[in-house]
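See below for the structure under consideration.
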Amino acid sequence: MGTWANDPWGNDTAADWFGNLMEKTGLREEWHEAMTVEQDDSDENGEVQYAAAWLFLELGRVYVWPIETYDEDLELTMAVLRQLRENEWLAESDPEAWQAQIDGFLADLEKRL
C-alpha cells in the first residue's frame, strides 16, 4: 500500500475505503438525485441542492468520489451552484452574503477542474 499525500484520502487504504463506502451506501446515487431535481417556486429543492453541493465540496475529491463520474459531477455541482446563486428566494435574508458564499464555493471547485 502506498501513501502519496497527507490528506486523509491520500493513501491506498483510505482510497479503497472511500470507494467501498460509496458503493455500499449508494451515496453518490442519492446525491445525484438531489442535484438533478428541478428547482421550483418553493425553497425546499434549492435548500436540498445547496446541502448536496456542500457535500460535494467536502467529498468531491479524486480518491474519495467515484472517479467514473467525478468530472460530470463536478460540472453538475458548479452548474447548480450558479443557478442557486441567482435564486432570490434562497437569498432573501442577506443576498450579498449568499452570493459571496456561493462564489467561494465555485472558486474552490474551479481549482479542481
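The values are calculated or read from the model by the stated rules, or taken from the named source; none is laboratory data. No experiment lies behind these values; they were computed from the predicted model shown. Glycine gets a Cβ as well: all are built from the backbone with ideal geometry, and neighbour counts include every protein chain shown.
Values computed for the structure shown
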read-out: Subset of the stretch 64-86 (residues that are buried (at least 20 other Cβ atoms within 10 Å of the Cβ) and not in a helix (DSSP H, G or I)); value: Val64, Trp65
read-out: Single unsatisfied condition, Trp89 versus (1) modelled with pLDDT of 90 or more; (2) in a helix (DSSP H, G or I); (3) surrounded by fewer than 16 Cβ atoms within 10 Å (Cβ to Cβ); value: (1)
read-out: Number of the condition not met by Met35 [criteria: (1) surrounded by fewer than 17 Cβ atoms within 10 Å (Cβ to Cβ); (2) at pLDDT 95 or above]; value: (1)
